[in-house]
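Notes to accompany the following structure.
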Amino acid sequence: MSVDVDILKRRAAERAVELVESGMIVGLGSGSTASHALRRIAELIQAGKLQDIRGVPTSQRIEQEARALGIPLIDLDDVEIIDLTIDGADEVDPDLNLIKGGGGALLREKIVAQISRREIIVIDDSKLSHKLGTRWHLPVEVVPFGWRTQVRYLESLGAKVTLRQVEGAPFKTDQGNLILDCNFGPIDDPTDLARRIKARAGIVEHGLFLHMATEVIVASISGIRRITRSATRL
């Protein structure tokens, strides 16, 4: 039996939205899976089943989409804590560590995640991996000035580096930065790699989200399962 991946994403997102309660401040993740959650939240608000919800978007695109759907928003600077964030991921390992940034919003997503009480990740089962870097390259956001020096540095750490482009032009993040997609292969020590990458001036952020996800909701053709950090390994 084959099921469209987008249907699996929608199922996972809608399960995550069941955790949203009236009165919450909700982090609105970027990416295709999180967009399903956004639309479901809007439906529940319009139906009167969710009230006094305020959203914190993680990208300009999500902000525009949320406004169009009628979801009330609040500026991040006016928030001390976010009750719950629903976001996607490109790759998830057995310890619920993540690679994110396929959509280029990794900096804002990490800022929102680090002040969230609960970081709920919604994925289809194709995103599960025994070791980060096996299925997805690691995005690294860098300032445009001297970006080629960052390429050489990342290569010295063992990566094959590609400048992300869209229609033949360099991709720009919401902050006007560049994304370097780094193929490290399977990453044996994500914590050490994260430390080495962030030690470099000019590197703004990386897509390793370590010890940040509180739970992962996985949709597959056999159903939906919810994995918390305290649960057994995947």
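The values are calculated or read from the model by the stated rules, or taken from the named source; none is laboratory data. For clarity, every value in this text was computed on a predicted model and none was experimentally measured. No Cβ is skipped: glycine too gets one built from the backbone with ideal geometry, and neighbour counts run over all protein chains shown.
Which ones in segment 213-230 are surrounded by fewer than 18 Cβ atoms within 10 Å (Cβ to Cβ), among the β-branched types (Val, Ile, Thr) and within 26 Å of Gln114 (Cβ to Cβ)?
Thr228
Return the only residue of Ile111, Ile86, Ile71 being part of a helix (DSSP H, G or I) and of a type in the set (A, V, I, L, M, F, W, C).
Just one listed residue meets the conditions, Ile111.
Given the criteria in a strand (DSSP E or B) and touching a residue at least 24 places away in the same chain (Cβ under 8 Å), does Ile120 qualify?
So Ile120 passes the test.
Report, ordered by the first and then the second residue, all pairs with beta carbons closer than 6 Å, sequence separation of six or more or different chains, a first member in segment 19-41 that is over 21 Å from Asp124 (Cβ atoms), and a second member that is among the charged types (D, E, K, R) and surrounded by fewer than 23 Cβ atoms within 10 Å (Cβ to Cβ).
Ser22/Asp52; Gly23/Asp52; Met24/Asp83; Ile25/Arg54; Ile25/Asp83
Within the group Asp174, Asp188, which residue is surrounded by fewer than 18 Cβ atoms within 10 Å (Cβ to Cβ), modelled with pLDDT of 95 or more, more than 17 Å from the chain's Cα centre (by Cα) and not in a strand (DSSP E or B)?
Values: Asp174 fails: more than 17 Å from the chain's Cα centre (by Cα).
After ruling out the rest, the residue left standing is Asp188.
For Ser32, all conditions in the list (1) among the small types (Gly, Ala, Ser); (2) crowded, with 16+ Cβ neighbours inside 10 Å; (3) under 18 Å from the mean Cα position of the chain (by Cα) hold save one; what is the number of the exception?
(2)
Please verify whether segment 126-137 includes one or more residues that are surrounded by fewer than 21 Cβ atoms within 10 Å (Cβ to Cβ), over 17 Å from Asp93 (Cβ atoms) and of a type in the set (Gly, Ala, Ser).
Looking for residues that are surrounded by fewer than 21 Cβ atoms within 10 Å (Cβ to Cβ), over 17 Å from Asp93 (Cβ atoms) and of a type in the set (Gly, Ala, Ser), one finds none in segment 126-137, hence no.
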